[in-house]
1. Within the stretch 82-129, which residues are charged (D, E, K, R) and under 40 Å from the mean Cα position of the chain (by Cα)?
2. Take the residues of the stretch 186-209 that are loosely packed, with under 11 Cβ neighbours inside 10 Å and not in a loop (DSSP other than H, G, I, E, B): which is modelled with the lowest pLDDT?
3. Does the stretch 69-116 hold any residues that are open to solvent by less than 20 Å² (accessible area, probe 1.4 Å) and over 24 Å from ASN43 (Cα atoms), and which are they?
4. Could you tell me whether ARG156 is in contact (Cβ under 8 Å) with a residue 60 or more places away in the chain and either touching a Cys at 6+ places or on another chain (Cβ under 9 Å) or part of a helix (DSSP H, G or I) (or both)?
Amino acid sequence: CSALLCSLSFSLSLSLSRTIFLSSRLSHSGTLAGACSALSNGNLMTRNLGDLVKKEDFVVGSEYLTTLLVVVPKSQSQEWRMTYEKLTDMVVPRSSRMVFEDNDHCLFTVTLFRKVVDEFKLHAREHKFVVREFAYDENSQDSERTESQKLEAEKRRQFGPLVRWLKVNFSEAFTAWVHIKMLRVFVESVLRYGLPVNFQAVLMEPHRKAHRRLRDTLDQLYAHLEATISGPQETIDIPGIISNSAEYYPYVYFNIKLDLF
């Protein structure tokens with residue numbers, strides 16, 4: 001027992017320092033991935049629209065007219081085409097054009113007089129059409145594209161070293177995890193069966209279709225350890241680590257899930 005605890009203590013202390021380092025790297029990688037995703041992925045309700053539109057889609061430099069970008073549910077695209085000119089006065093007829101679509105939404109442009117923008121947004125919202133806040137500026141579009149490219153390049157640069165680091169350290173992390181499982185087996189066995197220690201821990205990997213047959217066999221072999229229990233119980237209160245567990249058996253049982261990916 002002391003050897004197991006010493007080994008576990010060493011593995012956990014080593015794993016803790018590496019876990020802190022891993023958390024730092026994953027946090028930074030997650031921040032980069034989130035920034036890249038916000039710029040180029042996601043649905044039309046949240047993503048950056050700069051890379052979806054062109055200068056030709058907008059009325060630029062007009063004192064009276066402006067072009068809005070409207071997100072329309074795909075199922076309502078025909079309704080949009082039939083109603084957008086009637087949502088308010090001073091909408092330029094036949095000015096709407098679909099510039100992009102994804103699985104759920106379509107992105108339309110519409111040109112109207114600046115003085116009725118607020119009224120148009122109000123009536124559009126009543127039809128579940130969402131006007132995105134967007135002002136086309138060629139210089140800002142170029143800077144956003146440059147920023148997006150830099151973020152993508154940085155993400156690719158960090159991804160390779162992160163994967164290599166994970167492969168190198170996976171073995172130690174897995175070993176520490178199995179040590180914890182073995183410690184739980186030991187403690188639960190002592191709590192359940194008492195001292196002196198007299199039990200055997202076994203690691204078993206049954207074939208996929210043999211799980212039920214193995215469980216029935218084990219229940220029969222060790223039924224004498226708990227005569228009143230046969231199979232898993234949902235509301236059993238047995239002293240030990242796995243009290244109130246839905247997987248209580250006459251023998252101590254812990255599952256090691258190997259389908260990690």
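1. Quick first cut of the stretch 82-129, residues charged (D, E, K, R) only: 85-86, 89, 94, 97, 101-102, 104, 114-115, 118-119, 121, 125-126, 128.
Listed by number, the residues that qualify are ARG97, GLU101, ASP102, ASP104, ASP118, GLU119, LYS121, ARG125, GLU126, LYS128.
2. So the first thing to find is which residues in the stretch 186-209 are loosely packed, with under 11 Cβ neighbours inside 10 Å, and the list is 194-198, 200, 202-205, 207-209.
Subset that is not in a loop (DSSP other than H, G, I, E, B): 208-209.
Values: ARG208: 81, LYS209: 85.
Out of the qualifying residues, it is ARG208.
3. Within the stretch 69-116, the first condition is being open to solvent by less than 20 Å² (accessible area, probe 1.4 Å), and the residues that meet it are 69-72, 80, 84, 87-88, 91, 106-112, 116.
Within the stretch 69-116, LEU87, THR88, VAL91, LEU112, VAL116 meet the criteria.
4. Values: in contact (Cβ under 8 Å) with a residue 60 or more places away in the chain: no; either touching a Cys at 6+ places or on another chain (Cβ under 9 Å) or part of a helix (DSSP H, G or I) (or both): yes.
For ARG156, the condition - in contact (Cβ under 8 Å) with a residue 60 or more places away in the chain and either touching a Cys at 6+ places or on another chain (Cβ under 9 Å) or part of a helix (DSSP H, G or I) (or both) - is not met.
The values are calculated or read from the model by the stated rules, or taken from the named source; none is laboratory data. Since the structure is predicted, the reported quantities are computational estimates derived from the model, not experimental observations. Cβ sites come from the backbone with ideal geometry, for glycine too, and all protein chains shown count toward neighbours. The area values use the complete protein model at the heavy-atom level, side chains included, leaving out ligands, DNA and RNA. Shrake-Rupley method; radii C 1.70, N 1.55, O 1.52, S 1.80 Å.
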